[in-house]
Amino acid sequence: MEKLLEKRVIRDVIHGYVHIEDKIIWDCINTREFQRLRRIRQLGSTAVIFPSGEHSRATHSFGTYEIAKRMINEVDGLKEYLNEREQMVLMLAALLHDIGHASFSHSFEHIIHSNHEEYTQQIITGDSEIYDVLSAVDEDLPKEVASVINHSHPNGVLCQLISSQLDADRLDYLLRDSYFTGVSYGQIDLDRILRTMRISNGKVVIKNTSIYTIENYIMSRYHMYWQVYYHPNSRSYDVLLRQVFTRLRDLFEENRRIADEYPMFKAILEKDMLSNDELFLLDDATVMYGFHLMEMGNDKILSDLARRILNRDLFEYSNKTREAELKQLCLNNGFDPNYYVVVDQQSQIPYKPYSGNSSQCIWMLTDEGIKELSEVSSVVKSLSYIDEQDERVFYPREVDEN
Ligand code: CA
């Protein structure tokens, strides 16, 4: 693989520096699809609740790449286990794993009826500058990079390192999101995890001496989900995002010409799957501009929902048992319950034990050989039985006040 004449270093608040030596990595960074990630916040709706969490998906992508690069250099046996091409595929998959995200990623996935992983595949293997960079090296490279991200690469170690329950992606986002939100739960011991990671019997394993480090990592992730990512107010903002598009879609069904008033959302309304160029338009700035247009528009409901998003006038939440009562209260107060009363459910399993796919679990290297994490940690074992469900009903606070 061709090296850069001069190594590039990028400062990063989590890792100190991100080191770039390979021309292909630098070329991928300079594509329009990667540069777009600068215009999308990593945390989407969560940034509205934790206001210092303004970091972009580009910073997380740089960080995931840097962790993958550190894995190659620091994980005992990995450099010997992977050939030069696989090492490059690992770093590329890390850098590009989030390339298919739209603005407000997870809230938007309901709206564009597809998930970011499908768009990631479409961008890497389809019509894009990324495809051009990768296929210039050889024509199989785009598919090979994409196969690591969708867990189908024949070398399970690559899948384990990029998309499993302990991977470069999670290690970076826990550290980064906890730093930028100011929440301490996500603090994990990355150095120790890398130092006690090994390749054994074709698997990524962690030396059992690090069992508490790994337990702490699982707990961190569990707490970050409930305290940060699934914070009820952040879900309230998500609900508004969902409802504004439910209303827009209903208006579109009545009158297709409304799509022309919102050029950034036209493809979402008219098509099931967006092209790469159409997805490219969906960054935080264009989406927010769309909400401004809605607020100024003629439809009272659309305008009100958009105003709430722009001004962070969030819905209140309550126990689901109040659903029927709240619908009636909404009717009494002139709010259409179809748009103003929403039940939302979230669930999170802290750790999924082995169930057929060994590249998804965490493996520990013990004196008695390799064991799956929940076999050696009673803390993780008990957590793996938790399937916490949280169901709430969201509604405008005005109806409680009247
Ligand atoms: Ca990610």
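The values are calculated or read from the model by the stated rules, or taken from the named source; none is laboratory data. Just so it is clear, the structure is predicted and the values come from calculations on it, not from any experiment. With ideal geometry, Cβ positions are generated from the backbone for all residues, glycine too; neighbour counts draw on all protein chains shown. These area figures cover heavy atoms from the full protein model, side chains too; ligands, DNA and RNA do not enter into them. Shrake-Rupley method; radii C 1.70, N 1.55, O 1.52, S 1.80 Å.
Report yes if some residue within segment 125-140 is open to solvent by 10 Å² or more (accessible area, probe 1.4 Å) and in contact with a Phe, Trp or Tyr (Cβ under 8 Å, 6 or more places away or on another chain); otherwise report no.
Kept after step one, since they are open to solvent by 10 Å² or more (accessible area, probe 1.4 Å), are these residues of segment 125-140: 125-127, 129, 131-133, 135-140.
Then keep just the ones that are in contact with a Phe, Trp or Tyr (Cβ under 8 Å, 6 or more places away or on another chain); that gives 125.
Within segment 125-140, one or more residues are open to solvent by 10 Å² or more (accessible area, probe 1.4 Å) and in contact with a Phe, Trp or Tyr (Cβ under 8 Å, 6 or more places away or on another chain).
Residues in segment 301-319 that are open to solvent by less than 60 Å² (accessible area, probe 1.4 Å) and not β-branched (Val, Ile, Thr): Leu302, Ser303, Asp304, Leu305, Ala306, Arg308, Leu310, Asp313, Leu314, Phe315, Glu316, Ser318.
Would you confirm whether any residue within segment 362-381 is at pLDDT below 90 and open to solvent by 60 Å² or more (accessible area, probe 1.4 Å)? Scanning segment 362-381, I find no residue that is at pLDDT below 90 and open to solvent by 60 Å² or more (accessible area, probe 1.4 Å), so the answer is no. For segment 99-116, the candidate set comprises residues that are within 11 Å of the ligand (Cβ to nearest atom) and surrounded by 24 or more Cβ atoms within 10 Å (Cβ to Cβ); within that set, the residue that is farthest from Phe245 (Cα to Cα) is Ile99. Screening segment 81-98 for residues that are more than 11 Å from the ligand (Cβ to nearest atom) and outside any helix (DSSP H, G or I) and picking the one that is farthest from Lys203 (Cα to Cα) gives Asn83. The criterion of at least 2 residues that are away from the ligand (no atom under 16 Å from the Cβ), touching a helix residue (DSSP H, G or I) at 6+ places or on another chain (Cβ under 9 Å) and of a type in the set (D, E, K, R) is met, among helices (runs of 4 or more DSSP H) falling completely within segment 154-262, by 190-195, 232-254.
Which condition does Met71 not pass, out of (1) closer than 21 Å to Pro142 by Cα; (2) buried (at least 24 other Cβ atoms within 10 Å of the Cβ), if it passes all the others? Tallying (1) closer than 21 Å to Pro142 by Cα; (2) buried (at least 24 other Cβ atoms within 10 Å of the Cβ), Met71 fails exactly one: (1).
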